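Here's the structure, in structure tokens; my notes come after.
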Amino acid sequence: QSNWLARLVFPEPVRELRIEVDLVAELSVINPFDFFLEPHAQQWPFAYDDAVLERELAPYRVVLPATPKLAHYVEATSRSSRSTIYFLVELNQRIYEDVSYLIRLEPGVQTPEETLTKASGSCRDSAWLLVQVMRHLGLAARFVSGYLIQLTADVKALDGPSGPTADFTDLHAWCEVYLPGAGWVGLDPTS
């Protein structure tokens, strides 16, 4: 899966384990929609058409049982033919509008049913809901966690919000969907 792995073996008990990470990152503005899709995937709905790809994507297509609210949410999703990108943006925006974001310090992830019942959840809850909705629609989707890094703008915005007043980092979760031609594309239903 192209992950970098390290394994530490301690033959004797240790009193302390300290890991120090130093990172230099080059930041640049990118267009998140700067990718091409295979011709058969440009319009929603589409099917993955490669047997090898089907096998590799199988773990990312496993669905939870269609509980009542989840089933209704999936069923209410339009299957009309349109641009795949527009469809994904609409679906992401729908969850953004239907689920209020809140900071939830309890461990674990809510079930999609719980998130839809409460109409609220943390980033991980909204991301897991989006993963399951996409999977029920036949798309390969995966849950991703990492960091949200928001830096203050070098120049104030002429119109609209300027962003954070101080640099900010926090744990974050989002969803990725596999699109033929583009690969894994991230979607964040909390923003």
Query raised in the report: What do you reckon, is residue 62 surrounded by fewer than 16 Cβ atoms within 10 Å (Cβ to Cβ), more than 25 Å from residue 43 (Cβ to Cβ) and in contact (Cβ under 8 Å) with a residue 24 or more places away in the chain?
Result: yes
Requested in this report: Hey, can you tell me all the residues within region 162-180 that are in contact (Cβ under 8 Å) with a residue 40 or more places away in the chain and open to solvent by 50 Å² or more (accessible area, probe 1.4 Å)?
Outcome: 174
Query raised in the report: Can residue 56 be described as within 23 Å of the chain's Cα centre (by Cα) and either of a type in the set (A, V, I, L, M, F, W, C) or closer than 19 Å to residue 186 by Cα (or both)?
Result: yes
Query raised in the report: Among the numbered criteria (1) without any contact (Cβ under 8 Å) to a residue 12 or more places away in the chain; (2) open to solvent by 60 Å² or more (accessible area, probe 1.4 Å), which single criterion is violated by residue 143?
Result: (1)
Requested in this report: Can you tell me which residue among 89, 52, 109 is part of a loop (DSSP other than H, G, I, E, B) and of a type in the set (Val, Ile, Thr)?
Outcome: 109
Query raised in the report: Inside region 79-120, can you point out the residues that are within 20 Å of residue 44 (Cβ to Cβ) and surrounded by fewer than 12 Cβ atoms within 10 Å (Cβ to Cβ)?
Result: 79, 80, 81, 86, 97
Query raised in the report: Would a scan of region 31-41 turn up a residue that is open to solvent by 100 Å² or more (accessible area, probe 1.4 Å) and among the aliphatic types (A, V, I, L, M)?
Result: no
Report task. Scan 10, 36 and give me the residue that is assigned to a loop (DSSP other than H, G, I, E, B), out of contact with any strand residue (DSSP E or B) (no Cβ under 7 Å at 6 or more places or on another chain) and in contact (Cβ under 8 Å) with a residue 12 or more places away in the chain. Result -> 36
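The values are calculated or read from the model by the stated rules, or taken from the named source; none is laboratory data. Just so it is clear, the model here is predicted, and its values are computed rather than measured. Using ideal geometry, Cβ is built from the backbone for each residue, glycine included, and neighbour counts are taken over all protein chains shown. These area figures cover heavy atoms from the full protein model, side chains too; ligands, DNA and RNA do not enter into them. Shrake-Rupley method; radii C 1.70, N 1.55, O 1.52, S 1.80 Å.
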